[in-house]
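Worksheet: the structure to be examined is printed underneath.
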């Protein structure tokens, strides 16, 4: 049999052990182990048989020469380049993929070593061994990552399938390996970041950055490869704002570095610090009492936030929107985006608070009211509010108070029991406080009081019956009719004795005095007998016909 030549042009003597030759080849560091094999049997489910030296058939894993659909790319008799990767007993194991990758590695190593070393690559971890990890990049170039050069991983249990970036630190031409270091890549990146952050912190001018992510608490902005956080309180001089309502991811913004936490590696940025402070402009150009035009920016139940147009926001409290005290919600008067004229009523530079008033620039309804009404006028108004002490009545945009004691002459009557909100009633203006802009109203004065009515129907000297309501040291109070009280002084009680009287006792007395101006009535018990005697004498004069004696007439009248 003729001698054969292996891939290293070494002569294989007849009967030489192929396994021994392969082992010797591995020990010698064979650099040209590419073999042009011939497919001799492609029918295997797991392995394809490849003739690698006319005497030996290598096992090639079937998946290495199938397409994405699982179909074979080659057939029996086709030539295919492989490398021997090991032995299964006396049968060599070969790989077509490793041959292709080995070619890629050789091509890579033919590059300028100075340009390649320390360059950054990106590849996927496809396998591991005791020494480290095997990686393949998108160009099918194979790399080796020693375990000592892996660096920190949060999850180190299974790194296969992980795509990483690393630096090329060595081209080992003897083993045809490209050695990489993820650890050096990370260290260099950290160093670059520290240097960049130091430069950013020293820079006084604003830096242009790109918004990478918007969150509820702020925005992450990329400034030259370093991410910093713009907290939502650092976006606007107006105060905390919702970044999503103002910016979009990918948008460019000017920022300024305000703090760096080296321990947390946290860079804090500010958009408002990159712009002039508008409050300095406020301090120099605006004073309390100035009228300015603003835009309604936000409406809340308690008030409205208005934009001054220079990144300063003012607050318009609900009580400063209208002179109407019963405003329920600002949205009933204003809408978003509306431009309004307001008066500055407070500027606090320490707290950066600016308050404005809309009602101060509106006509004063009380001034207009005084032009048309005066004390004593009888007017109609609408009930706006009912309270425990009375009711507020609106008359031409001015409210007056109708107190409980002025709703009715009847004691104990209350407005909330007799009136309804929105009801129209007629009242009399009984007083106007111009200084405090307050009106006092009365409904009961539109009708005669029980006392006034009583006085119209009675006169001094009339004998009346009543009920004792109260007993005091100076006299007795008697209720003559509902709502009509009178006083009997102690000296007018004779022949009765105050100590012998009780509340709710009936009593007869004569009207001694009526004061129309002060609505007061005084009674007298002791005058009853005298009045009756006078009445008897009058009757005697009217009836004197000589038929009876004077004594008989008097006795009859006094019975």
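Tell me what the chain gives for mean residue ellipticity at 222 nm when only DSSP H runs of n ≥ 4 count, each as -39,500 (n - 2.57), the sum divided by the residue total, rounded to 500 deg cm²/dmol.
Details: 10 runs with 104 residues, N = 559.
Calculated mean residue ellipticity at 222 nm is -5500 deg cm²/dmol.
Find the Rg to Rh ratio for the stretch 333-480, where Rh is the Kirkwood radius over alpha-carbon pairs and Rg uses the same atoms.
Reported Rg/Rh, Kirkwood definition of Rh: 1.19.
Determine the relative contact order of the stretch 116-187: mean sequence separation of Cα pairs under 8 Å and six or more apart, normalised by residue count, in whole percent.
With pairs under 8 Å counted, the relative contact order is 36 percent.
Could you give the distance between the Cα centres of the stretch 252-266 and the stretch 427-471, to the whole Å?
78 Å
Please say if the stretch 203-274 is rounded, prolate or oblate, where rounded means a/c under 1.5 for a ≥ b ≥ c the square roots of the C-alpha gyration tensor eigenvalues, and otherwise the choice is prolate for a/b larger than b/c and oblate otherwise? Please report the intermediate quantities before stating the final value.
On the way: a/c = 1.35, a/b = 1.30, b/c = 1.03.
Taking the square roots of the gyration eigenvalues as a ≥ b ≥ c, the stretch 203-274 is rounded.
What FRET efficiency would be calculated for the residue pair residue 467, residue 375, taking the C-beta separation as r and a Förster radius of 30 Å, to the nearest 0.05?
0.20
Between residue 34 and residue 325, what is 0.36 nm times their sequence separation minus the Cα-Cα distance? Round to one decimal in nm.
Computed gain between residue 34 and residue 325 is 95.1 nm.
How many angstrom separate the Cα center of the stretch 333-411 from the Cα center of the stretch 161-186?
If we compute the Cα centre of each part, the gap is 81 Å.
Considering only the chain, what is the antiparallel percent among its DSSP beta bridges, to the nearest 5?
Taking every DSSP beta bridge with both residues in the chain, the antiparallel ones total about 90 percent.
Ordered by packing density, taken as the mean number of other Cβ atoms within 10 Å over each peptide's residues, highest first, how do 171-182, 362-373 rank? Can you show the working numbers first?
Working: 171-182: 16.2, 362-373: 13.3.
Answer by packing, highest mean first, reads 171-182, 362-373.
Please give the peptides 517-523, 289-295 ranked by average Cβ packing (other Cβ atoms within 10 Å per residue), highest first, as a rough proxy for protection.
Sorting 517-523, 289-295 by mean packing, highest first, produces 517-523, 289-295.
Answer rounded, prolate or oblate for the stretch 450-531, using the Cα gyration tensor with square roots of eigenvalues a ≥ b ≥ c: rounded when a/c is under 1.5, else prolate when a/b is larger than b/c, else oblate.
prolate
For the residue pair residue 281 and residue 170, what label-to-label distance in nm results when each label sits 7 Å from Cα along the Cα-to-beta-carbon direction?
For residue 281 paired with residue 170, the spin-label model returns 6.3 nm.
Could you calculate the FRET efficiency of residue 196 with residue 110 from 1/(1 + (r/R0)^6), where r is the beta carbon distance between them and R0 is 30 Å, rounded to 0.05?
0.30
Tell me, what are the semi-axes, in whole angstrom and largest first, of the equivalent ellipsoid of the stretch 142-298 as set by the roots of 5 times the Cα gyration tensor eigenvalues?
47, 16, 12
Where the Cα atoms of the stretch 98-190 are projected onto their three principal axes, how long is each span, largest first, in whole Å?
Principal-axis extents of the Cα atoms in the stretch 98-190, largest first: 36, 28, 23 Å.
Arrange the following residues from fewest to most other Cβ atoms within 10 Å of their Cβ: 265, 157.
Working: 265 12, 157 5.
Least crowded to most crowded, the residues run 157, 265.
Compute the distance from the alpha-carbon center of the stretch 96-128 to that of the stretch 291-323, in whole Å.
Measuring centre to centre over Cα atoms gives 66 Å.
Using the 10 angstrom Cβ neighbour count as an exposure proxy, how do 247, 474 rank, fewest first?
The fewest-first ordering by Cβ neighbours comes to 474, 247.
Across the Cα atoms of the stretch 236-352, what radius of gyration and what greatest pairwise Cα-Cα distance (Dmax) are found, in Å?
Considering the stretch 236-352 through its Cα atoms, Rg and Dmax are 17.4, 57 Å.
So what's the stretch 354-404 giving for Cα Rg divided by 2.2 N^0.38 Å, two decimals?
Against the compact-globule rule of thumb, the ratio is 1.39.
Where Rh is the Kirkwood radius over the Cα pairs of the stretch 365-446, the temperature 10 °C and the viscosity 1.306 mPa s, what D in µm²/s does Stokes-Einstein return? Don't skip to the end; give the middle numbers.
Values: Rh = 12.5 Å.
Translational diffusion coefficient: 127 µm²/s.
Once a ≥ b ≥ c are taken as the square roots of the eigenvalues of the Cα gyration tensor of the stretch 329-371, is the result rounded (a/c under 1.5), prolate (a/b larger than b/c) or oblate (a/b not larger than b/c)?
Oblate.
How far apart, in nanometres, would the label points at residue 118 and residue 519 be if each is projected 7 angstrom from Cα along the Cα-to-Cβ direction?
Going by the 7 Å Cα→Cβ label model, 10.6 nm.
Would you indicate which of (1) -0.73, -1.08; (2) -0.81, -1.12; (3) -0.94, -1.10 is the value of log10 I(q)/I(0) by the Debye sum over Cα atoms at q = 0.09, 0.11 Å⁻¹ derived from the coordinates of this structure?
Label (3) holds the value from this structure.
Normalising by the residue count of the stretch 278-361, find the relative contact order in percent from Cα pairs under 8 Å and 6+ residues apart. Show your work: numbers first, answer last.
Numbers: 168 pairs, mean separation 27.9, N = 84.
Reported relative contact order: 33 percent.
For residue 264 and residue 423, FRET efficiency with R0 = 51 Å and r from the beta-carbon atoms, rounded to 0.05?
Values: r = 67 Å, r/R0 = 1.31.
After rounding, the FRET efficiency stands at 0.15.
Report the relative contact order of the chain, percent, no decimals, based on alpha-carbon pairs under 8 angstrom and at least 6 residues apart.
Computed value for the chain: 5 percent relative contact order.
Compare the peptides 459-466, 136-143, 46-53 by average per-residue count of other Cβ atoms within 10 angstrom and give them in order, highest first.
Highest mean packing first, the order is 46-53, 136-143, 459-466.
At a 10 Å Cβ-Cβ cut-off, how would you order 531, 271, fewest neighbours first? Intermediate results must be reported in sequence, preceding the final value.
Details: 531 16, 271 25.
Ordered from fewest to most neighbouring Cβ atoms within 10 Å, 531, 271 come out as 531, 271.
Read the figures in this text as sums done on the coordinates, not as results from a lab. Note that the coordinates shown come from a computational prediction; the quantities given were computed from them, not determined experimentally. Every residue, glycine as well, gets a Cβ built from its backbone with ideal geometry; the counts of neighbours run over all protein chains shown.
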